[in-house]
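What follows is a set of notes on a single structure, which appears directly below.
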Amino acid sequence: MPITDPELIKIVEKRVFEVSICRRCGAKNPLNAKKCRRCRGTDLRPKKKELAKFKAQ
């Protein structure tokens, strides 16, 4: 069921996209994290804000 309410869309986007991803183990972390919660690595990147686009074959 698609979400049409703009307020709900903002809430969902914040929940899904505003996280950091650990480059070592792939765990989701809070955006302001300095270290990974799982492996304690410091190599974190922000999650991509756009869904990946697949080429149609």
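The values are calculated or read from the model by the stated rules, or taken from the named source; none is laboratory data. Source: prediction; values computed, not measured. Quick reminder, even Gly has a Cβ in these numbers, built from the backbone with ideal geometry, and neighbours come from all protein chains shown.
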Considering only residues that are out of contact with any strand residue (DSSP E or B) (no Cβ under 6 Å at 6 or more places or on another chain) and aliphatic (A, V, I, L, M), look in the range 1-35 and name the one that is surrounded by the most Cβ atoms within 10 Å (Cβ to Cβ). A27
The residue that is farthest from the chain's Cα centre (by Cα), considering only those in the range 1-54 that are of a type in the set (S, T, Y) and at pLDDT 90 or above, is T42
